[in-house]
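Visitor: Submitted below is the structure of interest, expressed as structure tokens.
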Amino acid sequence: MFYCRSTIMMAKAILTGLILSVFGVANAAEPKAKGPYIGAAAGLSIFDDDGSFGAAFGDDEDTSLQVYGGYKFLKYFAVEARYADFGTFSDSFNNSVDLSSLSVHAVGIIPFGTSGWELFGQVGYGKIKQEASGFYDEDDNAGSAGIGVRWFINPTFAVAAQIDAYVWQNDDIGDAYDLSVGTNQIGVLFIF
């Protein structure tokens, strides 16, 4: 089910990019090639517990929020640190799990000439914090990957649409489970 929703999230991100392109053709600007940057994003997150909570959560959705900062070393490469709050996911028994992460990412960038448009992809590694209804509090190592598109309104400010997936394994409650959370977000970026 997660992979089907990921496809839907990708389609939404592409549609958002197309809408942004309609508004941005006339005013686009080539982004700065190097420098520190900060950004924020918000959107939809989907949690798949792989049955680790007795299939109580299955696939559940909530709002995701993310802040990040990094450094663009080259026109084609950046490194960034992220904090993401994926939201609270509840089951039919009023149990809930809060998910958040702190991670580091390598970002590859493909600019489309001087049009102000960039395609970017990331791979990352960090910690996922899981807090379940006061009875479970655990940090696990997680890997992530994602892709997105952004448009620079001027050389230092961009709007973006992106999807990311975070995956981790949890074996603290017996069997090993492959958990995941995916996001579909709209955001902004500012290069100094």
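The values are calculated or read from the model by the stated rules, or taken from the named source; none is laboratory data. Nothing here was measured: the structure is a model prediction, and the numbers come from that model. Here Cβ is always computed from backbone atoms with ideal geometry, including for glycine, and neighbour counts include all displayed protein chains.
Visitor: Can you tell me how many residues within segment 147-187 are more than 14 Å from GLU118 (Cβ to Cβ) and within 10 Å of the chain's Cα centre (by Cα)?
Guide: Residues meeting the conditions: 10.
Visitor: Any chance segment 143-153 includes a residue that's crowded, with 22+ Cβ neighbours inside 10 Å, closer than 21 Å to SER96 by Cβ and without any contact (Cβ under 8 Å) to a residue 60 or more places away in the chain?
Guide: no
Visitor: Regarding PHE190, is this residue over 15 Å from the mean Cα position of the chain (by Cα) and under 19 Å from TYR68 (Cβ atoms)? Outline the logic, then answer.
Guide: Working: over 15 Å from the mean Cα position of the chain (by Cα): yes; under 19 Å from TYR68 (Cβ atoms): yes.
Yes: the conditions hold for PHE190.
Visitor: Could you tell me whether any residue of segment 111-121 is farther than 19 Å from ALA41 by Cβ, among the acidic types (Asp, Glu) and either in contact (Cβ under 8 Å) with a residue 60 or more places away in the chain or in contact with a Phe, Trp or Tyr (Cβ under 8 Å, 6 or more places away or on another chain) (or both)? Talk me through it step by step, then tell me what you get.
Guide: First pass over segment 111-121, keeping only residues farther than 19 Å from ALA41 by Cβ: 111-115.
Then keep just the ones that are among the acidic types (Asp, Glu); that gives none.
Checked against the condition, which is being farther than 19 Å from ALA41 by Cβ, among the acidic types (Asp, Glu) and either in contact (Cβ under 8 Å) with a residue 60 or more places away in the chain or in contact with a Phe, Trp or Tyr (Cβ under 8 Å, 6 or more places away or on another chain) (or both), segment 111-121 yields no hits at all.
Visitor: Right, next: Which members of segment 66-89 meet the condition of being under 13 Å from ALA40 (Cβ atoms) and of a type in the set (Ser, Thr, Tyr)?
Guide: Scanning segment 66-89 gives TYR68, TYR83.
Visitor: While we're here: Within the bounds of segment 142-157, is there any residue that is of a type in the set (S, T, N, Q), part of a strand (DSSP E or B) and in contact with a Ser or Thr (Cβ under 9 Å, 6 or more places away or on another chain)?
Guide: Start the filter on segment 142-157 by keeping residues that are of a type in the set (S, T, N, Q), which leaves 144, 154, 156.
From what's left, part of a strand (DSSP E or B): 144, 154.
Remaining after also requiring in contact with a Ser or Thr (Cβ under 9 Å, 6 or more places away or on another chain): 144.
Checked segment 142-157: at least one residue is of a type in the set (S, T, N, Q), part of a strand (DSSP E or B) and in contact with a Ser or Thr (Cβ under 9 Å, 6 or more places away or on another chain).
Visitor: Still on this model: Return the residues of segment 36-64 that are at pLDDT 95 or above and surrounded by fewer than 18 Cβ atoms within 10 Å (Cβ to Cβ); say none if nothing qualifies.
Guide: PRO36, ILE38, ALA40, ALA42
Visitor: Looking only at segment 138-187, filter to residues that are within 16 Å of GLN66 (Cβ to Cβ) and β-branched (Val, Ile, Thr); which one of those is modelled with the lowest pLDDT? Walk me through it before giving the result.
Guide: Residues of segment 138-187 that are within 16 Å of GLN66 (Cβ to Cβ), as a first pass: 142, 144-148, 150, 158-166, 181-187.
Next cut, β-branched (Val, Ile, Thr) only: 147, 159, 163, 181, 183, 186.
Details: ILE147: 97, VAL159: 96, ILE163: 96, VAL181: 93, THR183: 96, ILE186: 96.
Selected residue: VAL181.
Visitor: State all residues of segment 81-101 that are on the phi < 0 side of the Ramachandran plot and free of Cβ contacts under 8 Å to residues at least 40 places away in the same chain; if no residue qualifies, say none. Can you show your working first?
Guide: Applying the first criterion (on the phi < 0 side of the Ramachandran plot) to segment 81-101 yields 81-86, 88-93, 95-101.
Matches in segment 81-101: ALA81, TYR83, ASP85, THR88, SER90, ASP91, SER92, PHE93, SER96, ASP98, SER100.
Visitor: Please work out if ASP98 is acidic (Asp, Glu), assigned to a strand (DSSP E or B) and either in contact with a helix residue (DSSP H, G or I) (Cβ under 6 Å, 6 or more places away or on another chain) or farther than 19 Å from TYR68 by Cβ (or both).
Guide: On the way: acidic (Asp, Glu): yes; assigned to a strand (DSSP E or B): yes; either in contact with a helix residue (DSSP H, G or I) (Cβ under 6 Å, 6 or more places away or on another chain) or farther than 19 Å from TYR68 by Cβ (or both): yes.
Criteria met by ASP98.
Visitor: Another question, then. For the structure I just gave you, tell me whether ALA78 is part of a strand (DSSP E or B) and within 14 Å of PRO36 (Cα to Cα).
Guide: Criteria met by ALA78.
Visitor: Give the residues of segment 74-87 that are surrounded by 15 or more Cβ atoms within 10 Å (Cβ to Cβ) and modelled with pLDDT under 95, sorted by residue number.
Guide: Within segment 74-87, LYS75, GLY87 meet the criteria.
Visitor: Related question: Of the residues PHE73, PHE77, which single one is in contact (Cβ under 8 Å) with a residue 12 or more places away in the chain and under 19 Å from the mean Cα position of the chain (by Cα)? Please lay out each step first, then the result.
Guide: Values: PHE73 fails: under 19 Å from the mean Cα position of the chain (by Cα).
The unique qualifying residue is PHE77.
Visitor: Looking at segment 108-139, which of its residues are over 15 Å from the mean Cα position of the chain (by Cα) and among the basic types (Lys, Arg)?
Guide: Once the filter is applied, which keeps residues that are over 15 Å from the mean Cα position of the chain (by Cα) and among the basic types (Lys, Arg), segment 108-139 yields only LYS129.
Visitor: The conditions are (1) closer than 21 Å to LYS75 by Cα; (2) surrounded by fewer than 20 Cβ atoms within 10 Å (Cβ to Cβ), and ASP139 fails exactly one of them. Which is it?
Guide: Checking ASP139 against (1) closer than 21 Å to LYS75 by Cα; (2) surrounded by fewer than 20 Cβ atoms within 10 Å (Cβ to Cβ), the one that fails is (1).
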